[in-house]
Ligand code: ARG
């Protein structure tokens, strides 16, 4: 038999195949509470504007509250034959309050309804993610304060470059996650216009008040164009784009944690309860949490591409294609929330091997720049010339099976008599990190200030 909600012009019911491809309730039931909030706001507004009677709206709203309770307590039964979450809620309303339920959909379409529901869902997801990121940044600031003066190797091309402080290295990730927060809040501001009132595509002839529903639902204002309102999913893309960028940042950090916890590096131990063993090799303690954070970025990127591909070439206004936004959105949100929590836990519980990091900070001739800078400063030669001298020195040492680390002043002077004791002193790692005290540099004093600044920015964003 034909669908009770829209079957008027149909002779027969949906085929099994249509039901299978059409039905979205198994995933869009996650919009149920937003859907009810939207319906309550819409019904109230209809009463206010005199479109519906106050008494019938009271009945409708009490029914909606009852459904809300059923959903919150998990006793609501979603039926896939009813297509989507909107139809499920409306059908239940019919059962609870009778024919008056049919008046709720006055001046509204599922097209503006699903747009407003999804916006509210993205807004909630944005706020949850923002709170998680705030926590992650706070842990980073805390660890940066613990390690503001501890040396580690700084790399370029994954080759030893110059010593840096661990606090500085961690705060680099803090800056990335702070930008992610900023991106989220920027997208949230842009998202906050209510599509309710756009109806199917063209607006409605009922004397509705979209400003009222917008404000009731926490939006700044209604959207300005009804065609755009029902076909815009930019706000989903914005969220998914930020999620993708954030996942990329987390995967870079996760990769470093994997490297750091390898026995070859031995820079850090991840908390034991976030690592896993091997079913064959008894000695193993693998960084599985970090590897999964590294890997899960892939699906977050994929979700973004999937939605871009769905939306590409869609003519105005609504097309059913747009229903395909939700699984990708939900998956991206679930994935990044999990990854931020995992990243926070790893950083909160990490044990750093400070002596190993410090020792390795000056491996690979990473003090070469310090020595070249010393020649420029004290022997008044040009940087290009000093670069050549120190390059030759490194080659000379290499031929003797040595490195700058551990070299004595006597050895230095035997290569070039201009190297006196002060030159040998700049090879010291603490000298190297303390000397890079330009704004944004790695010197401990700078790192301390940078940690305080990020903490403050994080609190005031
Ligand atoms: N469930 C749909 C979606 O997620 C909304 C339904 C709109 N249906 C329609 N026939 N216009 O986009």
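The values are calculated or read from the model by the stated rules, or taken from the named source; none is laboratory data. Owing to the predicted nature of the structure, the values given are computational and were not obtained by experimental measurement. Reconstructed Cβ throughout: ideal geometry from the backbone, glycine too, with neighbour counts over all protein chains shown.
Pick from 203, 197, 167: which is surrounded by 18 or more Cβ atoms within 10 Å (Cβ to Cβ), at positive phi and more than 17 Å from the chain's Cα centre (by Cα)?
197
Exactly one condition in (1) under 30 Å from residue 369 (Cα atoms); (2) in contact (Cβ under 8 Å) with a residue 12 or more places away in the chain; (3) surrounded by fewer than 16 Cβ atoms within 10 Å (Cβ to Cβ) is false for residue 158; which is it?
If we test residue 158 against (1) under 30 Å from residue 369 (Cα atoms); (2) in contact (Cβ under 8 Å) with a residue 12 or more places away in the chain; (3) surrounded by fewer than 16 Cβ atoms within 10 Å (Cβ to Cβ), just (2) comes out false.
Quick one: is residue 116 closer than 29 Å to residue 215 by Cα and within 16 Å of the ligand (Cβ to nearest atom)? If you could, list the steps in order and put the result at the bottom.
Details: closer than 29 Å to residue 215 by Cα: yes; within 16 Å of the ligand (Cβ to nearest atom): yes.
Spelling it out, residue 116 is indeed closer than 29 Å to residue 215 by Cα and within 16 Å of the ligand (Cβ to nearest atom).
For (1) within 16 Å of the ligand (Cβ to nearest atom); (2) within 16 Å of residue 43 (Cα to Cα); (3) surrounded by 21 or more Cβ atoms within 10 Å (Cβ to Cβ), each residue gets a yes or a no:
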| position | (1), (2), (3) |
| --- | --- |
| 62 | no, yes, no |
| 67 | no, yes, yes |
| 70 | no, no, no |
| 74 | no, no, no |
| 77 | no, no, no |
| 80 | yes, no, no |
| 89 | yes, yes, yes |
| 94 | no, yes, no |
| 99 | no, yes, no |
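So which pairs qualify, if the first residue must be in the range 380-399 and within 14 Å of residue 416 (Cα to Cα), the second must be part of a loop (DSSP other than H, G, I, E, B), the Cβ gap must be under 6 Å, and the two must be at least 6 apart or on different chains?
394/365
Select from the range 430-443 the residues that are part of a helix (DSSP H, G or I) and surrounded by 20 or more Cβ atoms within 10 Å (Cβ to Cβ) and list them in ascending order.
432, 433
For the range 392-407, how many residues meet the condition of being surrounded by 11 or more Cβ atoms within 10 Å (Cβ to Cβ) and under 21 Å from residue 361 (Cα atoms)?
Here is the first cut: in the range 392-407, the residues surrounded by 11 or more Cβ atoms within 10 Å (Cβ to Cβ) are 392-394, 396-398, 402-405, 407.
Going one step further and asking which of them are under 21 Å from residue 361 (Cα atoms), we end up with 393-394, 397-398, 402-405, 407.
Residues in the range 392-407 being surrounded by 11 or more Cβ atoms within 10 Å (Cβ to Cβ) and under 21 Å from residue 361 (Cα atoms): 9 in total.
Just one of (1) at pLDDT 95 or above; (2) outside the structural domain of residue 267 (by TED's automatic domain parsing) trips up residue 345, so point out which.
(2) is the only condition that residue 345 fails.
Out of the residues in the range 30-56 that are without any contact (Cβ under 8 Å) to a residue 24 or more places away in the chain and part of a helix (DSSP H, G or I), which is surrounded by the most Cβ atoms within 10 Å (Cβ to Cβ)?
Result: 47.
Report, by residue number, each residue of the range 278-318 that is part of a loop (DSSP other than H, G, I, E, B) and under 19 Å from residue 260 (Cβ atoms).
283, 284, 285, 287
I need the full set of residues from the range 1-26 which are assigned to a loop (DSSP other than H, G, I, E, B) and closer than 18 Å to residue 110 by Cβ, in order please.
Correct list: 2, 3, 4, 5, 6, 10, 14, 23, 24.
Within the range 119-137, does at least one residue satisfy the condition of being within 19 Å of residue 196 (Cα to Cα), more than 16 Å from the ligand (Cβ to nearest atom), buried (at least 18 other Cβ atoms within 10 Å of the Cβ) and in contact (Cβ under 8 Å) with a residue 24 or more places away in the chain?
So far as the range 119-137 goes, yes, one or more of its residues are within 19 Å of residue 196 (Cα to Cα), more than 16 Å from the ligand (Cβ to nearest atom), buried (at least 18 other Cβ atoms within 10 Å of the Cβ) and in contact (Cβ under 8 Å) with a residue 24 or more places away in the chain.
Restricted to the range 4-20, and to residues that are surrounded by 11 or more Cβ atoms within 10 Å (Cβ to Cβ) and closer than 21 Å to residue 324 by Cβ, which residue is nearest to the ligand (Cβ to nearest atom)?
6
Within the range 212-254, count every residue that is part of a strand (DSSP E or B) and crowded, with 19+ Cβ neighbours inside 10 Å.
Residues meeting the conditions: 1.
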